[in-house]
Amino acid sequence: MKTLFFDHICKYERPQGAFPCRFHVLFILLQPILNITYMKQSTLATIAIALTLTLGVSAQNVTIKGVGHNNRYDDGEQMKTEYLGFNKELSKSIFIVDNGLYKMSWNGTTLTTPEKEPPVVADEIRGNNDRELWANNFNMMYGNSGAVYVNGKLVTIMSRDESSTPDEQLFAVRKWDANTGDLISTTIKPKSSALESAGMSYNPVDGKVYGLFYVTEAQLPQNITEDGEYFVDQDDTDAGREGLDAGYAICTIDLATLKVTPITPGLYYDNFVTFAINSEGRAFALTSGATRGVEDNDGRMRNIEGKLTGAQLCEFDLTTGLMLTKPVERTDAMTGETYISDENIYGEGTGYCSQARRQSACFSKSDPNKMYWVGYYNSGKGVNDWGSWTTLSDRDWRTNGKYDTALYEVDITTGIGTRLSKVDNRWTFSALWVDGDDPSDGAPIDPFNPGNEEPEGVFIAIQQAESGSVWQKAEMGVQYSYFIEANDGWRIHSVTFNDNELDIDENGFVTTPAISAELNRLIVTYEQTTYSSIQHSTLNAQDSTVKVLATADGLRITGAQQGDKLDVYTADGRACLSQVLSGASTVSVNLNPGQLYIAKVGNKVVKVKL
């Protein structure tokens, strides 16, 4: 057994402050008929050129996988779950949910029903802690703020309101093995990280991940805002936010740091619903398109001039972040003056309407000109009990043929789409990829560890409320013992080793189990024992049985009473989490690793470095 000594040296700062600013969400839907990126309102003109083009249906056999959600059942938007019971060892209620990894195959004529891959069977996982936890984790596989697949790895971003207020919006970033469905890690990021996107995609040409991110603190270019006929949007009427807008921008995202870097010099306000990059490094997005239209014999929708409408394909230059446009001469209908308008390079829409909800698209590596898209069918709208056409799902969808979603392919040489097949059981996806033929296959980056900085050998990372960790070289099969000493005003609260609590003996030593893994973490938390008069007035005088344990992903709270409140602050006093505990035997919360936190629960104030 090997023994080391180290001291705890730190300065405690009383928590104060909170997240700044409001979170603005603004979607401005542009008219899809003219397909114009920016144009004066007074210069809108009709187009009298009719074009009819019918695309043949693809005969290629392809298997498409994705992060699937079936949340539109006959009774509305309710997700079905199967409750397996409460697992006492895991301190979790176990559910089988519809979220997860799915696959479907298209053979040129038929599309198979999406099936969970790998499958989750209750009788095969019941009683196996690892498998029950694996299945239960699918409840969190939801990319409502975007997702990206890279070479067998998957990153999903889910936004949520911590306290049901916009100011407390957080992003839960989860990394998964796309083949096994194993949850690898969870990171919680604040709203200021701007991780909301219409979609993300890997670029095989430069090895970067791009996305159409929703940027909340950016300014439009002067050539737009100084235009006398600039349409003033809602944000400009808010005091202190004049000129600041929320819209979409092409950005890169570093999957290691989750830093989003805008490229676009300004913002776009089309309601984008997909984003995908092909094997040639060309980036495309789709807008939601119109919500009304009459289908022609070929199933596509056209306006009164015979021009295809619906969802609009857009291409972006990843170097400049700008949407590709072409100059078109127009005539002002009121003045008769001619002018040049920069319009989308695609002169018409895909021909299919689709809801203003996040959807997904992808390319096969072998065919860079064909984009697969799972979108809504006829805007996903249905007829209610009174015969009105509404945004609610159609309750008669199983018999009237109006499925909510469909698989499309879009020819990027023309921008025109073809509906291949309705998707059985209304499945939607937050990420898609072509199995075995995705542009990211063979990518050199690893979303789990993009820098490939994992040390070689056996190590113990010692984390004890300081700005960093001490990495100790270790040996397999050897136990290590540590003497830990706290500063005045503090005492040792808990010590965990690879998420399991260690006992402290009467001499102040903790001893690890025999080392069996290459990377190990020993985390020490310290509890404050002296308080200011203000703190004394807010804390219960009686000692609490609450224990705060540090894990790789956050904190595990045991011994809390019903109604106890947990507040977590960063080292600089910013509140990052606040919730009332349920009184369950164990409560786990996820926090961003690599930071120093102050946790207050009951009458305890605990400091921990994750």
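Read the figures in this text as sums done on the coordinates, not as results from a lab. What you see is a predicted model, and the numbers here were worked out from it, not measured in a lab. Every residue, glycine among them, receives a Cβ derived from its backbone with ideal geometry; neighbour counts consider all protein chains shown.
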If we sort 333-341, 253-261, 105-113, 427-435 on the protection proxy, mean other Cβ atoms within 10 Å, highest first, what's the order?
427-435, 253-261, 105-113, 333-341
If R0 = 25 Å, then SER578 and ARG131, at their Cβ-Cβ distance, give a FRET efficiency to the nearest 0.05 of 0.15
Sort 280-288, 128-136, 301-309 for me by packing, meaning the mean count of neighbouring Cβ atoms within 10 Å per residue, highest on top.
280-288, 301-309, 128-136
Length gain on complete extension for the stretch ALA461 to ALA333, per 0.36 nm per residue less the alpha carbon to alpha carbon distance?
39.0 nm
Starting from the 7 Å offset along Cα-to-Cβ, what nm value, one decimal, do you get for the label separation of GLU124 and SER421?
2.3 nm
Taking only Cα atoms of region 299-370, the Rg to Rh ratio with Kirkwood Rh works out at 1.05
Descending packing, highest mean Cβ count within 10 Å first, for 481-489, 310-318 is 310-318, 481-489
Treating the Cα atoms of region 472-529 as identical point scatterers in vacuum, please give the log10 of the normalised Debye intensity I(q)/I(0) at q = 0.29, 0.30 Å⁻¹, two decimals.
-1.28, -1.33
At the level of C-alpha centres, the distance separating region 94-156 and region 275-339, in angstrom, is 34 Å
Would you mind calculating the gained length between LYS88 and GLN479 on full extension (0.36 nm times residue separation, minus the Cα-Cα distance), in nm to one decimal?
137.8 nm
